[in-house]
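The values are calculated or read from the model by the stated rules, or taken from the named source; none is laboratory data. Bear in mind that the values here come from a model prediction, so they are computed numbers and not experimental data. Here Cβ is always computed from backbone atoms with ideal geometry, including for glycine, and neighbour counts include all displayed protein chains.
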């Protein structure tokens, strides 16, 4: 599966060959603030935790995985959009409910890029018949919650989300 460009953005499927980009993105404590308290990922974390998790759900034919978001004019990689079944790493994955997530370099925050990219990915998936989408965030992550609302998602519930890497209360928005 491929996703259509927007006026400002293009998309590239992320593989293990993108380790350097993934590591660089995780070197900003503010980017990592709501994910792990602001701790930078080590290269070892990317190679031994992040990439194996990615490969567990990656399926380009279905659109599942991480999609690098690239600013078309400068060809600058800005961040990524996550696509996977909701709750994939929990005991109750929902294959008919696609989770969308995002992580962007701080310099690109506040310009509508995450909303634009997530909407393009969602709309591309919807054109294949998928009609349920969800996203999660820390309750204090107002930036991500704003993106969810811009996508037309509504607050669904709060839950304790736990998998082998993440263990926190989150808010869940759905569409």
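Points to keep in mind about this one:
- Of all residues making up region 6-50, the number that are closer than 20 Å to residue 71 by Cα, touching a helix residue (DSSP H, G or I) at 6+ places or on another chain (Cβ under 8 Å) and assigned to a loop (DSSP other than H, G, I, E, B): 5
- Residues in region 137-150 include none that are surrounded by 13 or more Cβ atoms within 10 Å (Cβ to Cβ) and under 21 Å from residue 62 (Cβ atoms).
- Count - residues of region 48-84 that are within 12 Å of the chain's Cα centre (by Cα) and more than 18 Å from residue 115 (Cβ to Cβ): 4
- Cβ-Cβ contacts under 8 Å between residues 6 or more apart (or on different chains), taken from a first residue in region 11-25 that is loosely packed, with under 14 Cβ neighbours inside 10 Å to a second residue that is part of a strand (DSSP E or B) and at pLDDT 95 or above, are absent.
- Residue in region 103-119 that is in contact with a helix residue (DSSP H, G or I) (Cβ under 8 Å, 6 or more places away or on another chain) and part of a strand (DSSP E or B) present: yes
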